[in-house]
1. Evaluate the following for B:ARG94: is it surrounded by fewer than 24 Cβ atoms within 10 Å (Cβ to Cβ) and either charged (D, E, K, R) or more than 7 Å from every other protein chain (Cβ to nearest Cβ) (or both)?
2. A:PRO264 - would you say it is over 29 Å from the mean Cα position of the chain (by Cα), more than 25 Å from A:PHE431 (Cα to Cα), touching a residue at least 12 places away in the same chain (Cβ under 8 Å) and assigned to a helix (DSSP H, G or I)?
3. Would you confirm, using the coordinates I've provided, whether A:ALA777 is surrounded by fewer than 16 Cβ atoms within 10 Å (Cβ to Cβ), away from chain B (no Cβ under 14 Å) and within 30 Å of A:SER868 (Cβ to Cβ)?
4. What number of residues in segment A:515-547 are at pLDDT below 85 and surrounded by 13 or more Cβ atoms within 10 Å (Cβ to Cβ)?
5. Are any residues in segment A:736-766 free of Cβ contacts under 8 Å to residues at least 60 places away in the same chain, buried (at least 21 other Cβ atoms within 10 Å of the Cβ) and either at the interface with chain B (Cβ under 7 Å from one of its Cβ atoms) or in a loop (DSSP other than H, G, I, E, B) (or both), and if so, which ones?
6. Quick check on segment A:869-888. Is at least one of its residues assigned to a helix (DSSP H, G or I), modelled with pLDDT of 80 or more and in contact with a helix residue (DSSP H, G or I) (Cβ under 7 Å, 6 or more places away or on another chain)?
7. How many residues are among the hydrophobic types (A, V, I, L, M, F, W, C), more than 28 Å from the chain's Cα centre (by Cα) and surrounded by 14 or more Cβ atoms within 10 Å (Cβ to Cβ) when one looks only at segment A:43-75?
8. Given A:LEU232, A:LEU176, A:LEU201, A:LEU182, which one is closer than 29 Å to A:LEU70 by Cα, crowded, with 20+ Cβ neighbours inside 10 Å and hydrophobic (A, V, I, L, M, F, W, C)?
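The values are calculated or read from the model by the stated rules, or taken from the named source; none is laboratory data. Worth saying up front: this structure is predicted, and the values here are computed from it rather than measured. Because the Cβ atoms are built from the backbone with ideal geometry, glycine has one as well, and the counts that use them run over all protein chains shown.
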Amino acid sequence: MLNDLIWIPLLPLLGTLVPLFASRFSRSACAFLTAALPALALVLVLQLAPQVFDGETIRQSFLWIPEMGLNLAFRLDGLALLFCLLILGIGLLVILYARYYLSEKDSIGKFYAYLILFMFAMVGIVTSDNMIQLWMFWELTSISSFLLISFWGHKSEARKGARMALTVTGAGGLALLAGVLLIGNIVGSFSLNDVLASGDLIRNHASYPVVLVLVLLGAFTKSAQFPFHFWLPHAMAAPTPVSAYLHSATMVKAGIFLMARMYPVLSGTELWFLIVSMTGLATLLLGAYVALFKHDLKGLLAYSTVSHLGLITLLLGMGTELAAVAALFHIINHATFKASLFMAAGIIDHESGSRDMRQLNGLWKYMPYTATLAMVAAAAMAGVPLLNGFLSKEMFFAETLHQDSLGSLSWMVPVFATIGAVFSVAYSLRFIHDVFFNGEPINLPKTPHEPPRYMRVPVEILVGLCLIVGIAPTFFIGDLLYSASAATLQGVVPEYSLAIWHGFNFPLLMSFIALAGGAIVYINRKELFQFQSQFPENDPKLVFEGIIQLIHRQISRLMELTENGSLQRYSYMMLSLAMVMMAGPLLDLNATEGHRPQIPIDAISITGAILLTVGALATVIWNRDRMVALVALSVVGLIVSLIFAKFSAPDLALTQLAVEVVTVILLMLALFFLPQRTPKESTPLRVVRDLVIAAIIGGVIGTICYALMTRPLESISAFFLENSKIGGGGTNVVNVILVDFRGFDTLGEITVLGIAALGIFKLIARMRLYMPASDDAGRPWSKDSHPLMLSVVSQSLLPLALLVSAYIFLRGHNMPGGGFIAGLVTSVAIIQQYIAHGVAWIKSRMKLDYQLMIGSGITIAALTGLGSWAFGRPFLTSWFDHFHLPLVGEFELASAMLFDLGVYLTVVGATMLILANLGKLTTSERPVLKEQN
Amino acid sequence: MEGIYAFCVGLLTACGIFLALRGRTFPVVVGLTLLSYGVNLFLFASGRLKLNSAAVLGQSEQYSDPLPQALVLTAIVIGFAMTAFVVILAMRARADLGNDHVDGRLPEVPETPFQRRSGSQ
């Protein structure tokens, strides 16, 4: 089972938890336990390596949402193998190194957890067989690297550096996501296998330039390519193990990995060559030049890393197969010598207390062993023969000579490459000479000494690798490089030779020019430093912070302008937007009027329309006199229900009528507590503005409505009309739709109704309202709150009203009526009793628990739906049959009726819960808050 | 007839929106009620207008579209629940905040809509 590919990322993922538990033990035990699972993963990778060397690509996938191309998929080919070995191998060395590097004060468990999380993310990137999954791991590396850079969060530079790294790489990640989605769109699959096979398709697609730029933005930000390189030096605020691991060996190589991964798909075009190689060349030169002037050891190494990343990018950009092989080779070499150099710098910092090369001098005397190791690694960085850096640099020089994409200017590339190499030698020399020789240390906080034995082990291993690879390259990494090249090129690997001696040729000459030139530059460094000091110091951190703060200020200003906390203004803005959005499409509509025959106008309709118009206008005109507005509103509501009746919607007419009654009662009750008049406070300008916007939206809506009604209708309702009787057992199609065809909707709706009622109940329960003793004009309320006439009449009306509501309920399935309407009629009947007799009178006579009613209503409706499961049918399947009883005659029983009963109970419960509780507030029965006692 | 109907829908919408843009809670509630009349009539009209053809099988020769009717029926009931909720919220807001302005605070100075500073916070 452990042969499964998924274990390679899964083991580090599990390993993330280990240090959190192991940190209670000693630091060594913690380091040991933390290393266990990654080590197991490394064993797993090594065990699979022979298969990969045989040219096999191991793949494994788990389906998730295959329809959308989202699967958990892993692959191990030569390229993934190379990176897995780097990530896991160097990761293990860094775990050991960090054990000695971190001080007692640092939480080593937390550090290891972040580190292994990062390892998991990196392994995830390189083994992903799905583009979306690759992108997800890509983002995870940004996040985990943020956590690692800001590990010493008490330092301002750590926080700022972490934020900068996250911003830059995160923005690049978003660009990458867009690129990945475009690729998925072109190829029709996110599977890496399909994408790799569709190189021609993508390169010939119209959106290829966009895809290329987006993907390269992701790669360049991650790999610190010019002009996004500035975050990397600032990420050096991280603890040195992090710098060694993330910012030299692995994370910054993720961008390189992406370019190598997409090499068969995106490379080979003029555009690729121009963008990638020119960016690489610029980065190479800039990094190498700036590195020489950094006084901070880690700063020098950071810019040197930028420069080497530029070199690898340049190689990939050249687009020749041999250049790609050289790029992969340099990835390995750079990882080994740069990680060891960072570790050596960390040792120097740890044991001498400083990283400033103006203080650090003559350390050879104090730590000769570490100095030897660092000098070998630095020599590899400079490209001295017999070391690995020399080999890949030779290949690089050879490739610069062999390309001709710049036409007659192609000779410039090898010249620039040599200049870059000159500075590379110069800063390597500075690293060796300035730190270990060049006089005596100046004002060091500590007396330097050799580090603990095991802190040196990782450096020794890495430097050993530099030597071994440099002397016997084919023997040690021949297979690995070959299979990685095969995976990158996805085709035939060209002939190449890893020998150290190729005879006297041009690349060798370039190497010697670089070595000699570097020595000359270093010797004359004083003049160069002086020249450089004339430039104004330009701290990218300040620039970056400045930009961030500028954006922040502008956004804040915009927020103040639009979001000032005034709901009145928000509704105005939303309505304006709605107006624009609605009116726009109408401009394209050629004719307002359609061809559907219209109904002739009759006198009654005209009268109704006039009443409605007068009512609506009166509501607006007298809106500040609230009682008048309410009366006018009720006129409008009444006309609306008549409109429904007129146009063949009896159910709607009944519902509207009943709702109108409860709404007006509700608003009257509310008016008891709210001011009865609205103060005049809108400016004339605002009134005009609101009138204009209201008139335009009203006009637009009316136009849409007219255009809609005068055009023929293609409705799905024929189905309901046909099946209502035979499928639903009722002739009132509206009711059958409610309780049967669309029963699930109705269930949702009564649930909302119940929730709203309970919400209102809770709002009322803790309301502290001043109870007015008189109305607006100072007149006291009538003493005779329950007139005798009303009491007597309403009391005799109750049974009648309940009878009507029962009748409406029962016939609802076949004639206009049903649970909703019956529920509202019942509510109106009960409210009438409240009005006529008062809360106290009702309370002693009617023991109705409205909350229970809502609950049981929804439960009955839901259970009716669930009941159909018992018969093996889908949720809410209805059943009906006809029965015959003596006296009663033939009648029908339907499960939908039970459902309608649930609707009825919920409607009654909700309406009464709202109105009865609100009404209670006006009486001595109002709930008394405990605090008041 | 369709023209008059559309006019009524437009008028109800316009009146509803004008009142919904007022500053005090009660006119806003009234405005929302007017607006919901307009919306319900609009939705209902999407089934087209028909006279004497209720969607009750066997009662007439042709039937009006029952689907918009079913949708509007529930919309009326839910609309009531929402109106009630807003009304109670308005009362609660007045009880807790001491005023009935939708912003929860009274405007300080007589304001002109185009040159306003953000409110006191």
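1. Taking the combined requirement at face value, the residue satisfies it.
2. Judged against the criteria, A:PRO264 is a match.
3. For A:ALA777, the condition - surrounded by fewer than 16 Cβ atoms within 10 Å (Cβ to Cβ), away from chain B (no Cβ under 14 Å) and within 30 Å of A:SER868 (Cβ to Cβ) - is not met.
4. Within segment A:515-547, residues that are at pLDDT below 85 and surrounded by 13 or more Cβ atoms within 10 Å (Cβ to Cβ) number 5.
5. Those that are free of Cβ contacts under 8 Å to residues at least 60 places away in the same chain, buried (at least 21 other Cβ atoms within 10 Å of the Cβ) and either at the interface with chain B (Cβ under 7 Å from one of its Cβ atoms) or in a loop (DSSP other than H, G, I, E, B) (or both): A:ILE737, A:GLU749.
6. The answer is no; no qualifying residue exists.
7. 8
8. Just one listed residue meets the conditions, A:LEU176.
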